[in-house]
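The values are calculated or read from the model by the stated rules, or taken from the named source; none is laboratory data. Since we're looking at a predicted model, the values are computed, not measured. Neighbour counts run over all protein chains shown; Cβ positions are idealised from the backbone, glycine included. Heads up: the accessible areas ignore ligands, DNA and RNA and are worked out on the full protein's heavy atoms, side chains in. Shrake-Rupley method; radii C 1.70, N 1.55, O 1.52, S 1.80 Å.
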Amino acid sequence: MIEPIALDDAARRGNAKLVVERLAKNFGSGDTAVQALSPIDLYVGKGDFLCVVGPSGCGKTTLLNIDCGGIRATDLGPRFAR
């Protein structure tokens, strides 16, 4: 059985193969801005199996598009793959 783990736990950062910190995305600006992603941290270690799930419109595709470089993040701290 695969046990879920908290991928936003900063203690995982040291051994992470993929690090994404303070990732956020807004579409539009001002009063009409829509927040597609709240700031998130993500640390994925070697051998981790990552599955992105959630309801429609929660930002799954936006997260993946930012990570692969398809769209730019509104705010992005350190991001790297080892």
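Taking L37 as the residue in question, decide whether it is at negative phi and touching a helix residue (DSSP H, G or I) at 6+ places or on another chain (Cβ under 7 Å). Criteria met by L37.
None of I66, I71 is in contact with a Leu (Cβ under 7 Å, 6 or more places away or on another chain) and either at pLDDT below 80 or among the β-branched types (V, I, T) (or both) except I66. Taking strands (runs of 3 or more DSSP E) as the structural unit, those lying wholly within the range 11-82 and holding at least 2 residues that are more than 10 Å from the chain's Cα centre (by Cα) and among the small types (G, A, S) correspond to 34-45. In summary, T32 fulfils each of the numbered conditions (1) exposed (fewer than 12 other Cβ atoms within 10 Å of the Cβ); (2) β-branched (V, I, T); (3) at pLDDT below 90 with the single exception of condition (3).
Scanning the range 8-29 for residues that are polar (S, T, N, Q) and either within 21 Å of R72 (Cα to Cα) or open to solvent by less than 70 Å² (accessible area, probe 1.4 Å) (or both) returns N26, S29.
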